[in-house]
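The values are calculated or read from the model by the stated rules, or taken from the named source; none is laboratory data. Fair warning: this is a prediction, and the values are worked out from it, not measured in the lab. Glycine gets a Cβ as well: all are built from the backbone with ideal geometry, and neighbour counts include every protein chain shown.
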Amino acid sequence: MESINIQQLLDGYLIPWGINFGMALLVFVGGRILARLIISVISKGLSKTRMDDTLVHFVLSILRVLFTLLVVVAALDQLGVDTTSLVALLGAAGLAVGLALKDSLQNFASGVMLVVFRPFVAGDFIEAGGVAGVVERISIFSTLIKTGDNREIIVPNGSIFAGTITNYSAKPTRRIDMVFGIGYDDDLLKAKEVLMRVVAADERVLKDPAPAVAVAELADSSVNFNVRPWVNTADYWPVRSDLIERIKLEFDREGISIPYPQTDVHLKQVVNNGV
């Protein structure tokens, strides 16, 4: 049995492997420090923008993972490990995960677009994804909406971004569109004066733009008026309800009728003379 040559073992294996290990450790530690510095610079740059905090934290988390993977691959390569197979394996794993999480990735991409383009923010009253309510929270994968009857509904961001988004809170003022009908036998000018008086009496109705009252059409059973006052967005529903109530009461007080659809049936008796 041959004796082990210690010097040859040191020169051929231990010393080179130790040097590679030290270099790999240096690459790993130095890479982590460099990654932290880069992420710190990016974080400071993003904090000066108007980008949403949720998106900033998520972007920084993704960068940390990517930099960590790069540092690990570089350290393993310095150690002498064949990283080509490892990179291919990571790519295949990423593809498999991407296919498995296709819907989640769609929601993520939609969440990023919602945060970047900001079609709405928390506190806005919107109609999107088949749901109407106040936005409570926007996350990367879903949006939390509180409905008028105090239900919390979690809507996937993909459903929101793929459809039509109506933001009722985007503008400071809104126009209330109402239609009131009177009978053909009623005094048209008097009805118009009553409508204008009721609308002008509400202090919440804006003077600019001025409210509009105009004849809309001569319908089958009524003469219809368009009543369109402008109000602050927060006053929309209270003013609308109050105006409908007051106009009905004023019409009753002034003897102005509000016709409703009706059908007159005429019966004709047929006399059989036995012919």
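Taking segment 114-137 as the search range and keeping residues that are in contact (Cβ under 8 Å) with a residue 60 or more places away in the chain and over 22 Å from Thr233 (Cα atoms), which one is surrounded by the fewest Cβ atoms within 10 Å (Cβ to Cβ)?
Across segment 114-137, the extreme among qualifying residues is Val116.
So in segment 225-237, with the set limited to residues that are of a type outside the set (A, V, I, L, M, F, W, C) and within 22 Å of Ile258 (Cβ to Cβ), which one is farthest from the chain's Cα centre (by Cα)?
Of the residues in segment 225-237, the ones of a type outside the set (A, V, I, L, M, F, W, C) are 226, 228-229, 232-233, 235-236.
Adding the requirement that they be within 22 Å of Ile258 (Cβ to Cβ) leaves 226, 228-229.
Working: Asn226: 32, Arg228: 29, Pro229: 29 Å.
Taking the candidates together, the pick is Asn226.
Please go through segment 225-239 and give me each residue that is out of contact with any Lys or Arg (no Cβ under 8 Å at 6 or more places or on another chain) and modelled with pLDDT of 95 or more, ordered by number.
Of segment 225-239, the ones out of contact with any Lys or Arg (no Cβ under 8 Å at 6 or more places or on another chain) are 226-227, 234, 237.
The answer is Asn226, Val227.
With acidic (Asp, Glu) and either modelled with pLDDT of 95 or more or assigned by TED's automatic domain parsing to the domain that holds Asp124 (or both) as the only criterion, which of Asp185, Asp208, Asp242 stands out?
Unique residue meeting the criteria: Asp242.
When you check Thr49 against the structure, is it hydroxyl-bearing (Ser, Thr, Tyr), at pLDDT 80 or above and not assigned by TED's automatic domain parsing to the domain that holds Asn157, yes or no?
no
So Val194 passes all but one of these: (1) out of contact with any helix residue (DSSP H, G or I) (no Cβ under 6 Å at 6 or more places or on another chain); (2) surrounded by 11 or more Cβ atoms within 10 Å (Cβ to Cβ); (3) in contact (Cβ under 8 Å) with a residue 12 or more places away in the chain. Which condition number does it fail?
All conditions are met except number (1).
Could you tell me which residue of segment 147-172 is nearest to the chain's Cα centre (by Cα), considering only residues that are polar (S, T, N, Q) and surrounded by 14 or more Cβ atoms within 10 Å (Cβ to Cβ)?
At the first step, the residues of segment 147-172 found to be polar (S, T, N, Q) are 147, 150, 157, 159, 164, 166-167, 169.
Subsequent filtering for residues that are surrounded by 14 or more Cβ atoms within 10 Å (Cβ to Cβ) retains 157, 159, 167, 169.
On the way: Asn157: 7, Ser159: 9, Asn167: 9, Ser169: 12 Å.
Within segment 147-172, the match that is nearest to the chain's Cα centre (by Cα) is Asn157.
Take the residues in segment 212-241 that are outside any strand (DSSP E or B), in contact (Cβ under 8 Å) with a residue 12 or more places away in the chain and aliphatic (A, V, I, L, M); name whichever of them is farthest from Val179 (Cα to Cα).
Val239
Within segment 105-137, work out how many residues are under 10 Å from Pro156 (Cα atoms) and in the same structural domain as Ser159 (by TED's automatic domain parsing).
Residues flagged as under 10 Å from Pro156 (Cα atoms) and in the same structural domain as Ser159 (by TED's automatic domain parsing) within segment 105-137 amount to 1.
For the list (1) over 20 Å from Gly133 (Cβ atoms); (2) in contact with an Asp or Glu (Cβ under 9 Å, 6 or more places away or on another chain), I need the number of the one condition that Tyr168 fails.
(1)
Just checking, does segment 173-188 include any residue being more than 27 Å from Pro261 (Cα to Cα) and buried (at least 17 other Cβ atoms within 10 Å of the Cβ)?
Checking segment 173-188: at least one residue is more than 27 Å from Pro261 (Cα to Cα) and buried (at least 17 other Cβ atoms within 10 Å of the Cβ).
Since Val41 meets every condition but one in (1) modelled with pLDDT under 80; (2) exposed (fewer than 11 other Cβ atoms within 10 Å of the Cβ), which condition does it not meet?
Of (1) modelled with pLDDT under 80; (2) exposed (fewer than 11 other Cβ atoms within 10 Å of the Cβ), only one is false for Val41: (1).
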